[in-house]
Amino acid sequence: MPRDTSPVHGNIFLAPGIDSQLAHQLLDTPARRVIAEGRRGRLEEVCHDGTSYARKVYRVTKKSIHGTAVSWMPAFMRWGRVRRSWKAMLEGKKRAMPLPRVLCRSENRRQARLVTTWIPGEPLHHWHARQLQQSDDDSWQRSFAEWIGPQLYQLFDAGMTTRDLSPNNVLITGPTAGPWQFHLVDLDEARLQRFTDGESFIDQVIYSLSQVGHLPSTISPKVKLRALIAFLEAGGQRWADGQAEFSPRSTSFIDRRAARKKFMRQVIDGVLRFDRRKEKHLKKAGRTGRYAGWGLDDDGLPVPFDGARDET
């Protein structure tokens, strides 16, 4: 099986063109700050020669069905998430996709580390909420919706599939009136497919659009609907038509308008399912704030994330 990495020694791997000395420094330099931390690992900012990099540390978190610690299982079973990110970013660079550029990774029995370029920006809903405080005019929101729809289409058109296209992983930069930049981060569940017109791929597109459309009420349904229409008009209509072709009731003639309505209905229903699930979990936890669970205060402004702290 061909290798897509170059081992430095043992468990350290380099992306093409990366110097081994730089890789060791990026892997071992103390974190400038921890961006987020949870049971599966943490995301850190590393600074080297005045340049910021992102370093993700993965932990072993599960037991096998036989009760054997995962740390003693083959590496491809232990570190599937980091390897998926690695492969997606390497392939994303070839396809000029708006993803971080991977630099190096290391693996051992206790943890894996992945270093990538630093992507500036804010999560989609945080960026929108901050701009909304400056201007609640409908014109820039309409323009933004008509811009982000095609950005999402280009991801799927390049073959991207992921089960984690949450608004937190879509980073936006730029002023209220634009121009804007779009990047996707956290590719642990991502793959880049060769074929993008099969039934399973269409189902994944619908699921991912539902995920990214699951947003706080600071973003109106009208804006979300406009973004979905822009997605279809940018080329996404092919998946609406393709879904009609795979339907048991399909005929040689496809009513494109009916296919579009069905596709949009499925995405909207998916968004509502995510909304209900979040509401249920928040209610169970006793969190009743206006924007609870979104990292926004009662006025709709982003608050500092609890996981972010200085390490210096």
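Okay, here's what the table says:
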item	result
DSSP-loop trypsin sites (Lys or Arg not before Pro) across the stretch 168-235, with at most 15 other Cβ within 10 angstrom	ARG194
Full-extension gain in nm, ASP164 to GLN193, via 0.36 nm per residue minus C-alpha separation	8.9 nm
Relative exposure of PHE195, PHE231, judged by other C-beta atoms within 10 Å (fewest first)	PHE195, PHE231
Candidates ILE119, ILE219, ILE172: whichever shows maximal mean-square fluctuation once the chain is modelled as a Gaussian network with Cα springs under 10 Å	ILE219
Exposure proxy ranking, count of Cβ atoms within 10 Å, fewest first, for HIS281, HIS128, HIS183	HIS281, HIS183, HIS128
ALA234-GLN25 pseudo-label distance in nm [points 7 Å out on the Cα-to-Cβ vector]	3.7 nm
Gained length - GLN111 relative to THR288, 0.36 nm times residue gap less alpha-carbon distance	60.1 nm
Identified option (computed volume of the Cα convex hull per residue in Å³; candidates [x] 193; [y] 178; [z] 157)	[y]
Summed residue charge, Cβ within 13 Å of ASP298's Cβ, Lys/Arg positive, Asp/Glu negative	0
Cβ-derived FRET efficiency at R0 30 Å, TRP118 paired with ARG95, nearest 0.05	0.90
Residue exposure sequence - VAL205, VAL82 - by fewest surrounding Cβ within 10 Å	VAL82, VAL205
Most mobile listed residue (ASP255, ASP203, ASP49) in the chain, GNM with C-alpha springs under 10 Å	ASP49
Within a Gaussian network of the chain (alpha carbon springs, distance under 10 Å), most fluctuating of LEU171, LEU22, LEU187	LEU22
Helix-only mean residue ellipticity at 222 nm for the chain, each DSSP H run of n ≥ 4 adding -39500 (n - 2.57), per residue, nearest 500	-13000 deg cm²/dmol
Inter-site label distance for ASP255 and ASP299 at 7 Å from Cα along Cβ, in nm	5.1 nm
Label point distance in nm, LYS280-ALA177, each placed 7 Å from Cα along Cα→Cβ	4.6 nm
Paramagnetic reach from GLU245 in the stretch 181-222 [backbone N under 14 Å; point 7 Å along Cα→Cβ]	195-203
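Each value in this text was obtained by applying a stated rule to the coordinates, not by laboratory testing. Source: prediction; values computed, not measured. With ideal geometry, Cβ positions are generated from the backbone for all residues, glycine too; neighbour counts draw on all protein chains shown.
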